[in-house]
Amino acid sequence: MYDKGKIIGGLAIFLCLASFPVWYMAASGKADYRPNPVLPASENQCVESAQYMREYHMQLMQQWRDQSVRQGDSVYISSDNRTFDINLTGTCLKCHSSKTDFCDRCHNYTGTAPNCWDCHNVPPLNAPPQGTQ
Amino acid sequence: MSNMNIDRRSFLKLTALGLVALAAKPALDLISKPSAASALNGPAPGGRLVMVVNLNACTSPDGCIDCIAACHRVHNVPDIGNRKEDIRWLWDVSYDQAFPDQEDRFVAEPLHDRRVLVLCNHCDNPPCVKVCPTQATWRRDDGIVMMDYHRCIGCRYCMAACPYGSRSFNWRDPRPYIKTVDNSYPTRTKGVVEKCNFCQERLAEGLQPACVEACSNGALTFGYLKPGTEVYKLISSQFNLRRKDELGTRPQVYYLP
């Protein structure tokens with residue numbers, strides 16, 4: 001093989017550069033960074049189980065949206081038969097009172113930009129959210 | 001399944017159990033339904049929702065805007081301050097603007113100075129619904145022509161189709177133009193069309209529309225159009241007008257001149 005040194009050297013340099021983000025993060029200690037959203041202290045059970053909410057909260061919220069807006073039925077009955085008013089500001093934010101410390105933590109980490117808050121209101125902290133939508 | 005035989009006694013027992021289960025189901029459903037679920041959820045209990053505006057009782061010529069202020073406050077309607085970009089759910093116009101086809105020197109004379117309160121007519125045959133390419137606007141069973149801002153793509157076909165100018169487009173983010181945001185109702189965002197929703201969010205809580213509640217002159221009446229209701233009595237007992245009825249939209253806001 002001609003130019004063995006150059007080829008292998010070039011490949012090595014390429015691999016180093018390509019894997020730079022991985023080992024840089026590992027070296028800087030940020031590789032095991034977790035967004036750690038702040039959970040409400042007052043409640044220990046969300047609408048559904050924590051695992052389900054973690055994986056499917058977006059589908060659940062779309063179901064809430066369609067049920068409430070399209071079908072005009074704003075009562076959600078959870079799998080363990082508790083009832084909730086379908087209301088992003090009034091129900092979700094009642095417990096998860098800080099959008100910055102809860103929603104944004106993971107969304108920023110995963111680079112997700114949901115547009116819920118373009119219309120739905122985020123009440124200022126300390127002011128209890130109220131109302132219907 | 002070696003023995004499919006069943007004696008008379010167990011047959012009767014099973015039948016009785018089945019009947020009990022059948023009877024228990026609706027009863028259980030009734031109990032488990034939360035009280036918050038209003039009569040407006042699901043099919044309409046009868047008739048459709050209409051609004052009656054009594055032009056003689058309305059004091060808008062004297063500058064009263066109680067209903068407009070209440071509506072725009074509870075729905076976070078912005079005050080852009082620029083006529084081209086105005087967002088309006090409920091507003092007043094002159095008689096000839098409201099009823100161009102009724103503009104007649106003698107018939108309309110006593111009404112000429114009247115300001116006429118106008119809003120979405122929640123038509124029985126809504127042209128806006130027909131043209132919406134995403135079904136972001138649709139007509140509910142109770143007659144409310146609803147908007148789903150989640151689905152609106154801002155094409156404004158509905159605005160072109162509506163003969164009443166009842167729809168407004170958000171040319172910019174409305175939030176900076178809302179004096180006090182009421183957190184109980186969402187704002188809108190740039191690029192969606194909005195209009196009066198007959199206060200469906202208040203109806204679901206058993207309240208009257210905000211404009212009806214705010215009017216101290218009793219000029220606005222709202223309810224199901226079916227025999228016996230107040231709106232039915234009002235519009236079946238006297239001459240009334242509807243805006244541009246001849247277009248075939250079958251508007252459901254009735255005006256008592």
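Points to keep in mind about this one:
- Relative contact order of the range B:49-199, defined on C-alpha pairs under 8 angstrom at six or more residues apart (%): 27 percent
- Candidate membrane-span-like segments in chain B, meaning DSSP H helices with Cα atoms spread over at least 27 Å of their own axis and a Kyte-Doolittle mean of 0.5 or above, are B:8-32, with no membrane implied.
- A simple packing score, the average count of other Cβ atoms within 10 Å per residue, orders the peptides A:69-80, B:121-132 as B:121-132, A:69-80, with the highest score first.
- Short-range pairs are left out: with C-alpha atoms under 8 Å and at least six residues apart, the relative contact order of chain B is 29 percent.
- Three-way shape label, chain B, alpha-carbon gyration tensor, a/c 1.5: prolate
- Cβ crowding within 10 Å averaged over residues, with B:220-229, A:21-30 ranked highest first: B:220-229, A:21-30
- The charge dipole of the range A:33-90, taken about its Cα centre with unit charges on the Cβ of Lys, Arg, Asp and Glu (plus for the first two, minus for the last two), comes to roughly 180 debye.
- Computed magnitude of the charge dipole of the range B:138-257 (debye, nearest 20; Cβ of K, R +1, Cβ of D, E -1): 440 debye
- Within straight-line cross-link reach of B:K244, lysines at Cα separation under 24 Å, skipping those fewer than 8 residues along the same chain: B:K84, B:K130, B:K195, B:K226, B:K233
- Residue among B:T59, B:Y255, B:I144 farthest towards the positive dipole end of the protein assembly as shown, charges placed on Cβ: B:I144
- For A:115-121, mean number of other protein chain Cβ atoms within 10 Å: 6
- Taken over the Cα atoms of the protein assembly as shown, the convex hull encloses 309 Å³ per residue.
- Across the range A:50-118, C-alpha contacts under 8 Å between residues 6 or more apart give a mean separation that, scaled by the residue count, equals a relative contact order of 14 percent.
- Cα gyration tensor category, rounded, prolate or oblate, for the range B:146-257 with a/c compared to 1.5: oblate
- Residues whose amide H falls under 5 Å from that of B:I80, counting only those 5 or more places apart or on a different chain, are B:I87, with hydrogens built in the peptide plane.
- Value of [θ]222 nm, deg cm²/dmol, for chain A, DSSP H segments ≥ 4, -39500 (n - 2.57) each, nearest 500: -11000 deg cm²/dmol
- Helical segments meeting 18 Å axial Cα length and Kyte-Doolittle 1.0 threshold in chain A (DSSP H): A:4-18
- Paramagnetic reach from A:M25 (point 7 Å along Cα→Cβ, amide N under 16 Å) across the range A:97-124: A:106-112
- Positive contributions from Lys and Arg (+1) and negative ones from Asp and Glu (-1), summed over other residues with Cβ under 9 Å from the Cβ of B:I87, come out at -2.
- Protection proxy ranking of B:161-174, B:5-18 - average other beta-carbon atoms within 10 Å, highest first: B:161-174, B:5-18
- Global form of the range B:70-191, assessed from the alpha-carbon gyration tensor, a/c cut-off 1.5: oblate
- Mean partner shielding of peptide B:177-186, defined as the number of other chain Cβ atoms within 10 Å of each residue Cβ, is 5.
- Within the shell of other residues whose beta carbon sits under 10 angstrom from the beta carbon of B:N125, the net charge comes to +2, with Lys and Arg scored +1 and Asp and Glu -1.
- Structure-based [θ]222 nm, chain B - -39500 (n - 2.57) summed over DSSP H runs of at least 4, per residue, nearest 500: -7000 deg cm²/dmol
- For the protein assembly as shown, size of Cβ-based charge dipole, Lys and Arg +1, Asp and Glu -1, in debye: 920 debye
FYI, it's all coordinate maths here, none of it is from the lab. Computed from a predicted model, the values in this text were never measured in an experiment. Cβ: placed from backbone, ideal geometry, glycine included. Neighbour counts: every protein chain shown.
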